[in-house]
1. Pull out all pairs, ordered by first then second residue, where Cβ-Cβ is under 9 Å, the residues are six or more apart or on different chains, the first lies in the stretch 199-226 and is more than 27 Å from Gly274 (Cα to Cα), and the second is basic (Lys, Arg) and modelled with pLDDT of 95 or more.
2. Looking at the stretch 301-311, can you tell me whether even one residue there is crowded, with 22+ Cβ neighbours inside 10 Å, within 21 Å of Leu178 (Cβ to Cβ) and at pLDDT 95 or above?
3. So which pairs qualify, if the first residue must be in the stretch 166-180 and assigned to a helix (DSSP H, G or I), the second must be of a type in the set (D, E, K, R), the Cβ gap must be under 7 Å, and the two must be at least 6 apart or on different chains?
4. I need the full set of residues from the stretch 38-79 which are at positive phi and of a type in the set (Asp, Glu), in order please.
5. May I ask you to say which residue of Ser259, Ser210 is under 23 Å from Gly171 (Cβ atoms) and among the hydroxyl-bearing types (Ser, Thr, Tyr)?
6. Which residue out of Gly273, Gly297, Gly284 is small (Gly, Ala, Ser) and either touching a Cys at 6+ places or on another chain (Cβ under 9 Å) or surrounded by fewer than 19 Cβ atoms within 10 Å (Cβ to Cβ) (or both)?
7. Spot the failing condition for Thr258; the list is (1) under 17 Å from Leu222 (Cβ atoms); (2) surrounded by fewer than 17 Cβ atoms within 10 Å (Cβ to Cβ); (3) β-branched (Val, Ile, Thr), and only one is missed.
Amino acid sequence: MNFDGTNLKRICLTMAAWSTVFIAITLTGCSGSSGNAISTKVGLYSRNIAVDSVTRKYAYYVPDELGDGSHPLVVELHGGGVYIEDMTGESGHKTPYKLWMDIADREKFIVVYPEGLNGTYKKPTWNDCRENAIVSSDADDVHFISALIDEISSSYNIDPNRIYVSGTSNGGIMALRLAIELSDRIAAVAATVAAMPDVSSCASPVEPISVLFMNGTNDNNLPYDGGTIGNPPNPDHGTVYSTDVSVNIWTTVNETDTSPTIYSFPDIDTEDGGIVTKYTYSNGINGTEVILYNVLGGGHSAPSIVEQYSALFELYFNKQNHDIEMTTEVWNFFKNNTLNY
């Protein structure tokens, strides 16, 4: 089992009576570089790229009528043990992450879904800086994501000042690593059910960058108050700081206001176990900000109104919040941040 319990998740998803979701687009498998010509292809594509002599997989989505000019790029990183098809909805499972494509259609940007290499449990993982974890691969995923940005930018007119990374769980911790090591290329990162490693193999953050956290207070896989990851806690999965400490790390680096603006979202679904409160720390260096979505009663999952997980899923991962749409909130955060503030 990987650190966020995805093996059991996949079993649960298979057992549950999921409504099959099909994306009416053509998938193509390719490899190699696409050259320097600006592409006019639209839709969802599956591709390979060679990085460090290893074939890496990714999918990307291009909306119709992208238009002239440069466009943002959103990189969405899966949780440990999750495959690209689970992210895009091609597997037929419920997934909040496919909603990125709907937003891309409206807002005209490109979405990329990379896939990590297999870790100890033979499932996709990210090398996310947890020095005391042994479940993830040892791949140079920072290089992979940087090369992937170059690859997409070689085919499409990507705005270099509007490149963003969002991730969940293992992918969220990886997004936080990219905030440290690719702050010269990425304008903002969002980490869902994720926190900063308290025993890290990476350098401490020093460059200001806008960061969003979206964590559930009843997360039984990655504890809100910090500690050992896993359900039950497993030392093989490493440890993290609490959400509050993680937020404080970035408000300190960004030198934001110490007192946040607070907003509580309407309790749309009174049966999901809690409410969402947003804490915004503004006025950081170069206009950076740090935002915390405190998902009261939320478990180890991305909140979603549209893509609601089953009761069987929640039996293992605890409650999914249905008062906000994760992708919508993250995009609203991203589009207000650019690399050249």
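The values are calculated or read from the model by the stated rules, or taken from the named source; none is laboratory data. Just so it is clear, the model here is predicted, and its values are computed rather than measured. A quick note on method: Cβ atoms are made from the backbone with ideal geometry, for glycine too, and the neighbour counts reach across all protein chains shown.
1. If the second residue must be basic (Lys, Arg) and modelled with pLDDT of 95 or more, the pairs left are Val199/Arg130; Ser200/Arg130; Ser200/Arg177; Ser201/Arg130; Cys202/Arg177.
2. yes
3. Pairs that qualify, where the first residue is assigned to a helix (DSSP H, G or I) and the partner is of a type in the set (D, E, K, R), are Asn170/Asp4; Asn170/Asp128; Ile173/Asp128; Ile173/Arg130; Met174/Asp128; Met174/Asp141; Arg177/Asp128.
4. Step one: list which residues in the stretch 38-79 are at positive phi, which gives 43, 52-53, 65, 67, 69.
If the condition is that a residue be at positive phi and of a type in the set (Asp, Glu), then Asp52, Glu65 are the ones that fit.
5. Numbers: Ser259 fails: under 23 Å from Gly171 (Cβ atoms).
Ser210 is the lone residue from the list that is under 23 Å from Gly171 (Cβ atoms) and among the hydroxyl-bearing types (Ser, Thr, Tyr).
6. Working: Gly273 fails: either touching a Cys at 6+ places or on another chain (Cβ under 9 Å) or surrounded by fewer than 19 Cβ atoms within 10 Å (Cβ to Cβ) (or both); Gly284 fails: either touching a Cys at 6+ places or on another chain (Cβ under 9 Å) or surrounded by fewer than 19 Cβ atoms within 10 Å (Cβ to Cβ) (or both).
Among Gly273, Gly297, Gly284, only Gly297 is small (Gly, Ala, Ser) and either touching a Cys at 6+ places or on another chain (Cβ under 9 Å) or surrounded by fewer than 19 Cβ atoms within 10 Å (Cβ to Cβ) (or both).
7. (1)
Quick grid of which residues meet (1) farther than 28 Å from Gly119 by Cβ; (2) in contact with a Pro (Cβ under 9 Å, 6 or more places away or on another chain):
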{"residue": "Leu182", "(1), (2)": "no, no"}
{"residue": "Pro197", "(1), (2)": "no, no"}
{"residue": "Pro205", "(1), (2)": "no, no"}
{"residue": "Pro223", "(1), (2)": "no, yes"}
{"residue": "His237", "(1), (2)": "no, no"}
{"residue": "Ile249", "(1), (2)": "no, yes"}
{"residue": "Glu255", "(1), (2)": "yes, yes"}
{"residue": "Pro266", "(1), (2)": "yes, no"}
{"residue": "Ile275", "(1), (2)": "yes, yes"}
